Amino acid sequence: MGVIAAPGVVVRVIVGVVRVGVLCGGGLRVRAGWLGRAVHAISLSTWFLITYNMRIHVETQISVFGASRPPDGGLRGGAEVIQIRDARGGQSGRLPVERGGSGVEDVLQRAAEIVDAVRTRGRDAVLDYSEQFDGLRPEWLRTPAVALKDAWSLQSEGFRRAVDDAVDRVERAHRAQLPVASATEYGRGASVRQEYRPVERAGLYVPGGKAAYASSVIMNAVPAQVAGVESIVVACPPDRRTGLPPAPVMAACYRLGITEVIAVGGAQAIAAMAFGLTGPNGDGVRAVDIITGPGNAYVAAAKSLVQQTVGIDSVAGPTEVMIIADDTADPVFVAADLLSQAEHSEDAASVLVTDSASLATAVAEEVEAQTRNARNRDRARRALAGPQSFIAIVDGLDDAVGFCARYGPEHLEIMTRDAESIAARVRNAGAIFIGPWSPVSLGDYAAGSNHVLPTGGSSRHSAALSVMTFLRPTQIIAYELAGLRAAAPTVVALAAAEGLWAHGDAVTTRLS
């Protein structure tokens, strides 16, 4: 039996017969002690598939950033799904920050064509793209009220109870976010008040495709309703079998009292909500003031293109989780959380950063075992094998916190001794989940927090979707004559320094 290996190539040796096929993606993992000693500062990607009476799969990715490691250096293990990167020896600063999937810039031109077509051709363009991308040309874009009601009534009692509970938890947490109006007094007859007023109309995008995201309806709609938004439209791609949004999405809309739901997805849905559509017999869409909700690269690109016309929450990318863990963490829990994120999509990122080589090996092996039995294993395996997913071994938790600051994860789990103290040092993360009993999937549905979070490192400057997303702080200035007279010298002096004489005159005219 012979083995031939090259990056991106599958070599099959079956009883002396050699078959070679091109491999799309793959990962590489150090499995032999002598290889761990021989390799120094290299990165390879090779997938071996060997068959000789019995089939053996070896999927490996080697990423050694510092000095080579001996066999007991923590790189051994039989896992085949996720790569281990050894960044000990002061090499954590060289760990790459990698993201999965296509970026907005990769699809921006095509998204711009779609947005422009909807702006100029309206409903006809939306129908054309629905036919092209979704495989159907619906007679009506707006979902009938009876379909929403039926979707709720036909759901199981367990589903309805779960939606009720999730709505209650999210509503309670978001009511706590409501800001209180304030006033600052500068003396008699001089005050500045700050009040918070909701946008009038919001467009909520709920993704489709690989799942029916009833939870995304809750996470977008509840904060908008708590903020006092009077008018809400939900856009969601249609199910090809029915021409309607998925039943769980319609059911959640009905539960929340949302009656305007359009079966439109992708960039064309974003453009439709931004510019509005006219249609027969009320089958149009009134333009919104803000658009929120996650989606694919085309949705993100479209949101970036319309943000001069409407407000947006963020330009979201593929989902991601980072876990900081030490030797006290349970590898079964850690692996389960890496896998749960990976099942979202092939470009999802699952990252573990630990100072324990034994935990790294145990988690890698547990990821392999759990992935074999996962219902979405094919999708999850591709995500875990991608360059955006890995296990990094670092010298200490200071290095883990430092890498987290550079990465800026959407979700951050901390499973260490005194996890609260580690969390207090974290500067950049969309949401932080502390301890072994706070998995990300809890936050996805029932923690009460919001699961629409900043991705792609944007947690360095952005935050989760919240009540504040739908509120506008408005300053109200109320001065009387005495107050204006007291502030007049400051206004006149600064206006003169800037050469804006009429500014000063607008005050002195009132005092003469």
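Does VAL163 qualify as being touching a strand residue (DSSP E or B) at 6+ places or on another chain (Cβ under 7 Å) and open to solvent by less than 20 Å² (accessible area, probe 1.4 Å)? The answer is no for VAL163.
Does at least one position in the range 174-189 carry a residue that is open to solvent by 50 Å² or more (accessible area, probe 1.4 Å) and under 18 Å from the mean Cα position of the chain (by Cα)?
no
How many residues does the range 125-163 hold that are part of a helix (DSSP H, G or I) and more than 26 Å from ALA112 (Cβ to Cβ)? Quick ask: steps written out before the conclusion?
Filtering the range 125-163 down to residues part of a helix (DSSP H, G or I) leaves 125-134, 145-153, 157-163.
If we keep only those that are more than 26 Å from ALA112 (Cβ to Cβ) as well, we get 145-153, 157-163.
Number of matching residues: 16.
Screening ASP378, ASP355, ASP398 for residues that are free of Cβ contacts under 8 Å to residues at least 12 places away in the same chain and over 21 Å from GLY209 (Cβ atoms) leaves exactly one candidate, ASP398.
Residue-level check: of (1) surrounded by fewer than 18 Cβ atoms within 10 Å (Cβ to Cβ); (2) within 26 Å of TYR213 (Cβ to Cβ), GLU410 misses just (1). Take the range 106-120 and flag every residue that is without any contact (Cβ under 8 Å) to a residue 40 or more places away in the chain and over 24 Å from THR278 (Cα atoms). Within the range 106-120, GLN109 is the sole residue that qualifies. For the range 133-145, the criterion of being within 19 Å of TYR213 (Cβ to Cβ) and either open to solvent by 90 Å² or more (accessible area, probe 1.4 Å) or of a type in the set (Lys, Arg) (or both) is satisfied by no residue at all. The criterion of at least 3 residues that are free of Cβ contacts under 8 Å to residues at least 24 places away in the same chain is met by the following helices (runs of 4 or more DSSP H) wholly inside the range 401-509: 419-424, 481-497.
With the condition kept exactly as written, say whether any residue in the range 285-301 is charged (D, E, K, R), at pLDDT 95 or above and either farther than 20 Å from VAL217 by Cβ or buried (at least 24 other Cβ atoms within 10 Å of the Cβ) (or both). No, the range 285-301 has no match at all. Answer yes or no: is there a residue in the range 99-120 that is under 27 Å from ASP378 (Cβ atoms), open to solvent by less than 60 Å² (accessible area, probe 1.4 Å), at pLDDT below 95 and more than 26 Å from the chain's Cα centre (by Cα). Scanning the range 99-120, I find no residue that is under 27 Å from ASP378 (Cβ atoms), open to solvent by less than 60 Å² (accessible area, probe 1.4 Å), at pLDDT below 95 and more than 26 Å from the chain's Cα centre (by Cα), so the answer is no. Exactly one residue out of HIS461, HIS451 is at pLDDT 95 or above and open to solvent by 70 Å² or more (accessible area, probe 1.4 Å), and it is HIS461. Of the residues making up the range 415-441, just one is among the hydrophobic types (A, V, I, L, M, F, W, C), more than 20 Å from ALA464 (Cα to Cα) and open to solvent by 50 Å² or more (accessible area, probe 1.4 Å), namely TRP437.
Among what's in the range 267-284 and is surrounded by fewer than 24 Cβ atoms within 10 Å (Cβ to Cβ) and in a helix (DSSP H, G or I), pick the residue that is modelled with the highest pLDDT. In this case the residue turns out to be PHE275.
The values are calculated or read from the model by the stated rules, or taken from the named source; none is laboratory data. Keep in mind that what you see is a predicted model, and the values were worked out from it rather than measured. Neighbour counts are summed over all protein chains in view; Cβ atoms, including those assigned to glycine, are modelled from backbone coordinates with ideal geometry. SASA here: full protein model, heavy atoms, side chains in, ligands and nucleic acids out. Shrake-Rupley method; radii C 1.70, N 1.55, O 1.52, S 1.80 Å.
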